[in-house]
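The values are calculated or read from the model by the stated rules, or taken from the named source; none is laboratory data. Keep in mind that what you see is a predicted model, and the values were worked out from it rather than measured. Ligands, DNA and RNA are excluded from the accessible area calculation, which covers all protein heavy atoms including side chains. Shrake-Rupley method; radii C 1.70, N 1.55, O 1.52, S 1.80 Å.
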Amino acid sequence: MLRRVLARRIDRRCRSRDEDASAHAGLIEETVARAQKAGLVDDARFAAARLRGLRRRGTSTRQAQARLAAKGIDRETIAATLAEEDEAAGTQEGEADTEERAAFAYARRRRLGPYRRPETREANRERDLAAMARAGFSYALAKAVLASEAGEDETSVNQE
């Protein structure tokens, strides 16, 4: 990401001065290497922080992987970050637990299913299922979340 930002800035400046941007390619690599050596650029730390924020917003694992990849994080780092998240959950089914919490957060944020007014809940069930599917949640999980009651403990869906 740092490389892209620097390249964009150099391109903009070179266009305004009618210079060749390729002459500065070495400076970009030198700057990125210096930042990595100083510990200012750490993909693993960035991925972990970004993943925590995405999970709070209710982002599914699939969508989180796509968003991290769009930021330039490699697959191995993303996989390691997801594994660390599962370990931090403290359960054997860490991924399922994390995904479930994210699904409830997404439903709460979008006011879907149990967070919708009771009189409109059944009429919008299919629409809510579609929204959860587009967000990357499995059909079974979306169905369980939408069938639960507002304020119900998220762990109770696992027990059913």
Build a GNM of the chain with springs between Cα atoms under 10 Å: which of 54, 40, 112 gets the top mean-square fluctuation?
-> 40
Everything considered on the Cα gyration tensor (a ≥ b ≥ c; rounded for a/c under 1.5, else prolate if a/b is larger than b/c, else oblate), segment 1-103 must be described as prolate
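Given segment 43-153, what whole percent of its Cα pairs are spread farther than 23 Å?
Tail of the P(r) past 23 Å holds 30 percent of the pairs.
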At a 1.4 Å probe radius, carbon and sulfur cover how many percent of the accessible area of the chain?
-> 49
Candidates 138, 148, 22: whichever shows maximal mean-square fluctuation once the chain is modelled as a Gaussian network with Cα springs under 10 Å | 22
